[in-house]
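Contents: one structure, followed by commentary.
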Protein chains: 4
Amino acid sequence: MPGNSFGQLFQVTTFGESHGPSLGAVVDGCPPGLELSEADLQEALDRRRPGQSRYTTARREADEVRILSGVFEGKTTGTPIGLLIENTDQRSQDYSKIKDTFRPGHADYTYEHKYGIRDYRGGGRSSARETAMRVAAGAIAEKLLAQQGIKIQAALTQMGDIKAKDTDWQEVRNNELFCGDVNAIEPMQALIKQLLKEGDSVGARIRVQATGVPPGWGEPVFDRLDADLAKALMSINAVKAVSVGDGFDVVTQKGSEHRDEMTKKGFLSNHSGGVLGGISSGQPVIADIALKPTSSISISGQTIDKWGNDQPVVTKGRHDPCVGIRAVPIVEAMTSLVLVDHWLRQRAQNAQVKTETPDISR
Amino acid sequence: MPGNSFGQLFQVTTFGESHGPSLGAVVDGCPPGLELSEADLQEALDRRRPGQSRYTTARREADEVRILSGVFEGKTTGTPIGLLIENTDQRSQDYSKIKDTFRPGHADYTYEHKYGIRDYRGGGRSSARETAMRVAAGAIAEKLLAQQGIKIQAALTQMGDIKAKDTDWQEVRNNELFCGDVNAIEPMQALIKQLLKEGDSVGARIRVQATGVPPGWGEPVFDRLDADLAKALMSINAVKAVSVGDGFDVVTQKGSEHRDEMTKKGFLSNHSGGVLGGISSGQPVIADIALKPTSSISISGQTIDKWGNDQPVVTKGRHDPCVGIRAVPIVEAMTSLVLVDHWLRQRAQNAQVKTETPDISR
Amino acid sequence: MPGNSFGQLFQVTTFGESHGPSLGAVVDGCPPGLELSEADLQEALDRRRPGQSRYTTARREADEVRILSGVFEGKTTGTPIGLLIENTDQRSQDYSKIKDTFRPGHADYTYEHKYGIRDYRGGGRSSARETAMRVAAGAIAEKLLAQQGIKIQAALTQMGDIKAKDTDWQEVRNNELFCGDVNAIEPMQALIKQLLKEGDSVGARIRVQATGVPPGWGEPVFDRLDADLAKALMSINAVKAVSVGDGFDVVTQKGSEHRDEMTKKGFLSNHSGGVLGGISSGQPVIADIALKPTSSISISGQTIDKWGNDQPVVTKGRHDPCVGIRAVPIVEAMTSLVLVDHWLRQRAQNAQVKTETPDISR
Amino acid sequence: MPGNSFGQLFQVTTFGESHGPSLGAVVDGCPPGLELSEADLQEALDRRRPGQSRYTTARREADEVRILSGVFEGKTTGTPIGLLIENTDQRSQDYSKIKDTFRPGHADYTYEHKYGIRDYRGGGRSSARETAMRVAAGAIAEKLLAQQGIKIQAALTQMGDIKAKDTDWQEVRNNELFCGDVNAIEPMQALIKQLLKEGDSVGARIRVQATGVPPGWGEPVFDRLDADLAKALMSINAVKAVSVGDGFDVVTQKGSEHRDEMTKKGFLSNHSGGVLGGISSGQPVIADIALKPTSSISISGQTIDKWGNDQPVVTKGRHDPCVGIRAVPIVEAMTSLVLVDHWLRQRAQNAQVKTETPDISR
């Protein structure tokens, strides 16, 4: 409850600072009998890992995850799954300069006011490094969902002014940018090179899609599927906006245009993004998010120090010019965590529900 | 936990269906000693009430709230506050036609799949009528926050294609549309008239702003202030998008532009919307949401019935052509509930935190 | 979370003070499709009601419960069930004398220190009157459990020095004392008469038994079935001890005696009280509790007033000489709430568990 | 929520199996600024550790705890504290015989029914070894409470028929049995020797006392201080009963005897065990528990195997003849966790409460 746990029935608690001894997570609530190995998690972690491509930070972390409990003879036992990644490439010295100075756009200033003390090395707990554990935990969720026929995929759909025209989901994992439009890749790469030269960064947009979600998941009125998804995605570092279905475009739509009409052969459209009244409709669940440009740039800026004095600041060190790229697997992970939780919740209360109404999405 | 409660330390649980005997809420966790009367809640409810203006549904509910517990001799006692509104204007007969037919864009179809049974009268639990209790509970939160110097205000900033140029917060409560741009009011009124004639509806955009929030509120890494706000706002009926600060505009911003630089005199900008690393920065907290056009329109559409047969549907009855108007007080309420909860959480864990760093927003 | 809710998946939140306008509860998480009427709840409430027998307080409350939501056409819909009892017999004037004086053995002094304010009328929130809502909510749980073949029964097993020799569960509801030993009834009645004459009170012991609970319910390591039961029963007013199975007798037992040996025909004993490692074994779940003698007696005692001055105190008004009698239905209710919650939790995580091991209790 | 977390605001989540790679815990919600080192935790762990005395199991675990996060430059930062103990002395081979046979009195049979799969080595998750993490987490709680002037101590008060006449709290940590009566030690030691010879075990009783708790802690009506304590203590392996204050003795008490009368100089007695209406009274909080004799004995017993066939069973391996001894630090830890949680909860909601009433316990 103090903020480092996510989920009600499939509950993930993470711990660890960017430059502390290790990162960890506890996954409590995983049903027993799921085949699970460290390799399952590693595959997801490797996608997120810094140093993965030329376009993300050069910092290299092995990010080797260990399963410490909850798995016996290759299967989950229903007891909590402990996960651990030792921090091997810490280089704390890089960060000594910012010990007493708050980097603008970061959480330094707000952590100082909240806690009165902070692990300033690499952002400590506020570093995106924490999300490695979300990816590991998300991989377990993803595997459970796959058994239910559910597939979660995210893709980079915009970087700065460069938009992916369309997203070919087959293409997404074929390129280092997780972009589904092959024509957008070259311009995006050029933009990154330019940003690296300028020492600047740029924002990004990501789309996530979950197919195969049956109708009926989501708990009105507060724990709606879309509300929990909004929280999950907004909790990712640098995210400033979350939309479902047509998102902000609904502002100018008419009701006669937006409502997804139905026939016995299926829905005629999916403006809703697969969620009606907070409950899945059986159509693909679709959400978009916006990530801000990282504030860790080498262009000097104004800030203050711990005592309130004006100070210039330049963030040296290894940073991504577009954090949106690495965020793609994190978005998939958080979406998986939301869905698996609602699967279990639906099973608890409504296990025996029967209806004559067909699932028109099938 | 089953979905009808919001908040951790200031916990609101609502119950009730649109056409059931009554709507209710329990507010658990309100600190003792707050002066509170039914009039405090009624004032907020009256702003939300249908039949309030020519531009919202003609349905008239007295919406008179009773305080059933938790207040003694005019003050809260620290025990749970029970709230109740009796449903007086039910007109169930209006809804008998849609008993077995799913209105497109509504929760009828998804409730059927989730529960196998539903109170079809007026949408039952999925009706926006439920939000009356959020407004009542939010009014308590708002009063607590006002004592901390915090002010929460929401305004209609766009209806269809008509945008408010700027929001004059003094102006917002002076007009029936809760719009902060006096020049936008007439075009908006004209649009509503036209929609009423056409039997159609349109979407809307709302902005909410909280001033006076001190730095340090929000619980990383999952229960961030902006993540909880995203959930709270996305849980409101018809909301399809939530953004904080510059929202989706950050996609095309550079890091050198977006990061809010700091000087001892204050922040130089507020692109972040008052939240850094999930924790309030002391600047105004700003969020925007998009509301879809209501699907309750009198233009015929295609749908299916309970057994999967194609059926035409026309939603008769009393409905708003733009639900965004009535949503304004609900947005204020949900924002208040998020903030009051994080105030208590901050007080629990960090009551004794001291820092030499000044609050540069003051 | 602030203390007035019980259960994780079948969550009951109560509100209301002894002499406030009403008592209420919200039951969130009840599966849809359960036939439910007010009569179902009333039957349980009537058993608990004061003024029921000559041996409980003469205060008469109609205790008529209304279902405000969550039930449609006689069946639960899966949405929260609102429950309400209006307080009709308040006689506030009885309590004016104790406005500023703390009754020893009551919560007056501790509420004052906790909240700094309290509804002193009849104990306000700390009154056992609150438990009426637990009984109403418990009746819903009991009905769900009955469909699973589970039966919960409690009985008075000791009043002062008078012990029930054995408990004949058929006999329990045949007498006003809920005692399963017909030979103990007369001595108990005589004791009550004597206590009424003396203006004193006495403690009691209650046993509760749940039969038909399948093996596998309970969530180690903290939310064990017996741990949740201990909390549930200890949360009942006046309860000072909870034991499971052989309880305190295990202190002097040998391992060779206590361990319940197993054969394919079943367990050879039930020293464990139906719980092993926090999980139900399939044997009857058995717990015992001790209730203190009520402190509301007419024998003068020493206490202090609000400002710390010594004051004599006599509790006038209508009070039970042995609160254990009326506690019997409350014990059944709380036990039902624990079991129904663990049923849903088991269903969520372990719905698909298969084992070759037979249930040797069947 | 799935059962492996304890506490609301000071939340402890444990993971790990007896013979898995490691045991761990996450402590979320510890206020920042507390001086904390591994030595602080080790001291408590060493008291609990098997192989500590001749009277507990010969199994030797170094039980060296590492702090993985949440502490920076010797102080807590307010972020989650990760704790880890690597299992070094696993000897899995000892347990191969019981792979398919359920030890009576253990959780083997119930885990099989719950999960359909279990780590049978040493009891897996159901082993008392898990409580090592509770002790480590409890040590953090204890340190926080000490700063508030609160002291928690537990003692062995009975082993089999041998009762400690009185508990001298100064004496408790001077002997390997944590017994506060020097005269009881020799008979207890003799009993243990005899049990080791017989291959049998015996139960125990433990008392725990918390002094310095101010009046006002505890959250009615469900999360009462005594209810949470009952749950916490009942969740310890082998515990079958929990009582507060006079416990089961209240059954035969009169109200005139039991109610703790008050004068301006203080309470005249403490029958209530420091809790009234679920809220601390300022008097010492006192609870007693009963621990069953361990079922791991070398006397042959009847049981069944995984397929329901009758099997004899002898538990070889290293086991305590009286688990009550080692449980003493665990009882202290769980009591500390309950109190620290209620301290934070009280601070959240009632931080600003003022009363004219003196704390008569001071």
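The values are calculated or read from the model by the stated rules, or taken from the named source; none is laboratory data. This is a predicted model, so every value here is computed, not measured. Ideal geometry is used to build each Cβ from the backbone, glycine not excepted, and the neighbour counts take in all protein chains shown.
Just give me the residues in the stretch B:177-205 being crowded, with 18+ Cβ neighbours inside 10 Å and touching an Asp or Glu at 6+ places or on another chain (Cβ under 7 Å), in sequence order.
Hits for the stretch B:177-205 are B:GLY180, B:ASP181, B:ARG205.
With respect to B:LEU45, determine if the residue is within 30 Å of C:ARG121 (Cβ to Cβ), buried (at least 19 other Cβ atoms within 10 Å of the Cβ), modelled with pLDDT of 95 or more and not small (Gly, Ala, Ser).
Judged against the criteria, B:LEU45 is not a match.
Does any residue of the stretch B:148-159 turn out to be surrounded by fewer than 17 Cβ atoms within 10 Å (Cβ to Cβ), in contact (Cβ under 8 Å) with a residue 24 or more places away in the chain, farther than 30 Å from B:HIS19 by Cα and within 13 Å of another protein chain (Cβ to nearest Cβ)?
yes
Could you count how many residues in the stretch D:295-310 are of a type in the set (Ser, Thr, Tyr) and at pLDDT 95 or above?
Within the stretch D:295-310, residues that are of a type in the set (Ser, Thr, Tyr) and at pLDDT 95 or above number 1.
Of everything in the stretch C:28-43, what is out of contact with any Pro (no Cβ under 6 Å at 6 or more places or on another chain) and within 14 Å of chain D (Cβ to nearest Cβ)? Give them in sequence order.
Across the stretch C:28-43, there are no qualifying residues.
Please go through the stretch B:277-305 and pick out each residue that is facing chain A (nearest Cβ under 7 Å) and charged (D, E, K, R).
B:LYS292
Every residue in the stretch A:329-362 that is farther than 16 Å from A:LEU225 by Cα and either at pLDDT below 95 or outside any helix (DSSP H, G or I) (or both), please.
A:ALA351, A:GLN352, A:VAL353, A:LYS354, A:THR355, A:GLU356, A:THR357, A:PRO358, A:ASP359, A:ILE360, A:SER361, A:ARG362
Restricting to the stretch A:231-266, count the residues that are among the polar types (S, T, N, Q), within 7 Å of chain B (Cβ to nearest Cβ) and within 13 Å of the chain's Cα centre (by Cα).
Within the stretch A:231-266, residues that are among the polar types (S, T, N, Q), within 7 Å of chain B (Cβ to nearest Cβ) and within 13 Å of the chain's Cα centre (by Cα) number 1.
Taking the stretch D:275-332 as the search range and keeping residues that are free of Cβ contacts under 8 Å to residues at least 40 places away in the same chain and of a type in the set (A, V, I, L, M), which one is farthest from C:TYR109 (Cα to Cα)?
In this case the residue turns out to be D:VAL314.
Output the residues belonging to the stretch B:161-180 that are assigned to a loop (DSSP other than H, G, I, E, B), within 23 Å of B:HIS319 (Cα to Cα) and free of Cβ contacts under 8 Å to residues at least 60 places away in the same chain.
Across the stretch B:161-180, the qualifying residues are B:ASP161, B:ASN175.
Do you know which of the residues in the stretch A:97-136 that are touching a residue at least 60 places away in the same chain (Cβ under 8 Å) and polar (S, T, N, Q) is nearest to D:PRO32 (Cα to Cα)?
This residue is A:SER126.
Just to be sure I understand the filter: pairs with C-beta atoms under 6 Å, separated by 6 or more residues or on different chains, first member in the stretch D:236-248 and within 13 Å of C:ALA241 (Cα to Cα) and part of a loop (DSSP other than H, G, I, E, B), second member of a type in the set (Ser, Thr, Tyr) and at pLDDT 95 or above. Which pairs pass?
Qualifying pairs under 6 Å: D:GLY245/D:SER272.
With the condition kept exactly as written, say whether any residue in the stretch A:71-91 is of a type outside the set (Val, Ile, Thr), farther than 25 Å from A:VAL323 by Cα and in contact with a helix residue (DSSP H, G or I) (Cβ under 6 Å, 6 or more places away or on another chain).
Looking for residues that are of a type outside the set (Val, Ile, Thr), farther than 25 Å from A:VAL323 by Cα and in contact with a helix residue (DSSP H, G or I) (Cβ under 6 Å, 6 or more places away or on another chain), one finds at least one in the stretch A:71-91, hence yes.
Within the stretch B:219-230, can one find any residue that is modelled with pLDDT of 95 or more, more than 10 Å from chain A (Cβ to nearest Cβ) and closer than 30 Å to B:VAL353 by Cα?
The initial filter retains those residues of the stretch B:219-230 that are modelled with pLDDT of 95 or more, namely B:219-230.
Now drop any that are not more than 10 Å from chain A (Cβ to nearest Cβ), which leaves none.
No: the stretch B:219-230 contains no residue that is modelled with pLDDT of 95 or more, more than 10 Å from chain A (Cβ to nearest Cβ) and closer than 30 Å to B:VAL353 by Cα.
Which of the residues that make up the stretch D:54-85 are surrounded by 16 or more Cβ atoms within 10 Å (Cβ to Cβ) and at pLDDT below 95?
Listed by number, the residues that qualify are D:TYR55, D:THR56, D:THR57, D:ARG59, D:GLU61, D:ASP63.
Could you say whether any residue in the stretch D:127-134 is within 26 Å of C:SER281 (Cβ to Cβ), more than 23 Å from the chain's Cα centre (by Cα) and crowded, with 21+ Cβ neighbours inside 10 Å?
Within the stretch D:127-134 (the criterion being within 26 Å of C:SER281 (Cβ to Cβ), more than 23 Å from the chain's Cα centre (by Cα) and crowded, with 21+ Cβ neighbours inside 10 Å), the answer is no, since none of the residues qualifies.
So, of the residues in the stretch C:87-109 that are in contact with a Pro (Cβ under 8 Å, 6 or more places away or on another chain) and at pLDDT 95 or above, which turns out to be surrounded by the most Cβ atoms within 10 Å (Cβ to Cβ)?
The qualifying residue surrounded by the most Cβ atoms within 10 Å (Cβ to Cβ) is C:TYR109.
Determine which single condition C:VAL12 fails, assuming it passes every other condition in (1) more than 8 Å from every other protein chain (Cβ to nearest Cβ); (2) surrounded by fewer than 24 Cβ atoms within 10 Å (Cβ to Cβ); (3) modelled with pLDDT of 95 or more.
Tallying (1) more than 8 Å from every other protein chain (Cβ to nearest Cβ); (2) surrounded by fewer than 24 Cβ atoms within 10 Å (Cβ to Cβ); (3) modelled with pLDDT of 95 or more, C:VAL12 fails exactly one: (2).
Would the stretch B:207-217 turn up any residue that is within 7 Å of another protein chain (Cβ to nearest Cβ) and in contact with a helix residue (DSSP H, G or I) (Cβ under 6 Å, 6 or more places away or on another chain)?
Checking the stretch B:207-217: at least one residue is within 7 Å of another protein chain (Cβ to nearest Cβ) and in contact with a helix residue (DSSP H, G or I) (Cβ under 6 Å, 6 or more places away or on another chain).
For the subset of the stretch B:110-126 comprising residues that are aromatic (Phe, Trp, Tyr) and at the interface with chain A (Cβ under 8 Å from one of its Cβ atoms), which member is surrounded by the fewest Cβ atoms within 10 Å (Cβ to Cβ)?
This residue is B:TYR115.
Only one residue in C:ALA227, C:ALA210 is part of a helix (DSSP H, G or I) and under 19 Å from the mean Cα position of the chain (by Cα), so which one is that?
On the way: C:ALA210 fails: part of a helix (DSSP H, G or I).
C:ALA227 is the lone residue from the list that is part of a helix (DSSP H, G or I) and under 19 Å from the mean Cα position of the chain (by Cα).
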